[in-house]
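To start, the structure itself, in structure tokens.
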Amino acid sequence: MGQQSNGVGLRYGVIDGWNSSWSINSKDDIEYRDLVQISSDVEKLVTNLFRLNQGYIGKVGISKNARSDKIIINVFGYAPANYKFVENRFDTKKNKSKTKMVSTKKQLTGKLYRLAEVLSMKYQEFGCTFAVKACIVTEHSLGRKFYRKKKKKKGKQPVYVHSNFNSLKYIGADRQVLDLRIPKVQSEDDVLTPPERSFWLYKDLAKKRQFKLNSKQRRPKLLPKVLHRSRKKFGFLRRLNYYSTLMNIAYLTFKSKEPKFLAKFLAQELGKTRFQKSIYNNVDKVCAFLFSEFSEIQGIRIQVSGRMNKSKRTKTFVAQYGAITTQTVIHPLKYAFEEAYTIYGSMGVKIWISY
């Protein structure tokens, strides 16, 4: 019989490192075992924080330098853009409560900073403080863009405005369609005059949308070409409520080479329904398409074990594309394991990515 090898463990310290890394000084009050406990607590807290806010965690760990007493929490996660939380704040000047819509990314960032403050108070006896270094990726909108017609004013021609206000289409007196691009406006006086009779339209829109044009965060993100092609290919999946999340998570998994994103998503979705086979098949189809799009990925393997679709016995379903090199150390290998909890028992989700 052949001997199985742990491909991930072989690469630690050779071509791959650990998620958490620290070094301590002999004068520090904190010890090695304390940092191990802190690393475990931080991983559980951050994972639960993302799960409660409809997000997914890809990588989390801590790092500490021997010259500094500061422990840095490194977080790499995903936040959906279609979820927005409402914050109720009391305005003392106007003596009334104020409702404000906050995006998931901003909400998660604020909670991570608050978590660092709480951990600093909890581990105050060790004389260390916590800081956060987070990279939170938001999802790409897969909805179709459309042109909407504005109301016609007296003595003026109708105007068709693109939904993201980056381009305008103006129909002149001679029924000729002009495509006008809005440059970046620094001030109200710094407005470039477009050709022909559309100066009034351009200036008014530039003033009204000045705060949107100057803010890079509010500009809509361009859809990657891979997602654009996948949107055409998997149009039949749009009826599913997890369609947008599946496409974005699968794309982020192949782009960042972090299988934990896809494992987290698959485990959570498997625990929500009794018919897990359809979810597994959809993930299989999307990964097969993305594997052909990303040439740098050498192979991906998805393995799900458990009582799928209310079966009487445990079965193992495996989908593999390409080669998974476990003993070739020069090829990096990433591995993720998650557990899905259903009413028929637990299911194991394992994903390998070789590149």
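The values are calculated or read from the model by the stated rules, or taken from the named source; none is laboratory data. This structure is a prediction, so every number in the text was calculated from the model and none was measured. As a convention, Cβ positions derive from the backbone with ideal geometry for all residues, glycine included, and neighbour counts pool all protein chains shown.
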- Of everything in the stretch 42-74 that's surrounded by fewer than 16 Cβ atoms within 10 Å (Cβ to Cβ) and without any contact (Cβ under 8 Å) to a residue 60 or more places away in the chain, which residue is nearest to residue 125 (Cα to Cα)? 68
- Query: Taking the stretch 55-96 as the region of interest, how many residues are modelled with pLDDT of 85 or more and of a type in the set (Ser, Thr, Tyr)?
  - Reply: 3
- Task: Identify all residues within the stretch 311-343 that are surrounded by fewer than 17 Cβ atoms within 10 Å (Cβ to Cβ), of a type in the set (Phe, Trp, Tyr) and in contact (Cβ under 8 Å) with a residue 60 or more places away in the chain; write none if there are none.
- Result: 337, 341
- Out of curiosity, is residue 51 basic (Lys, Arg) and under 18 Å from the mean Cα position of the chain (by Cα)? yes
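Residue-by-condition table, conditions (1) touching a Ser or Thr at 6+ places or on another chain (Cβ under 7 Å); (2) farther than 21 Å from residue 142 by Cβ; (3) among the small types (Gly, Ala, Ser); (4) assigned to a helix (DSSP H, G or I):
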| residue | (1), (2), (3), (4) |
| --- | --- |
| 229 | no, no, no, yes |
| 232 | no, no, no, yes |
| 248 | no, no, no, yes |
| 292 | no, no, yes, yes |
| 302 | no, yes, no, no |
| 309 | no, yes, no, yes |
| 313 | no, yes, no, no |
| 317 | no, yes, no, no |
| 325 | yes, yes, no, no |
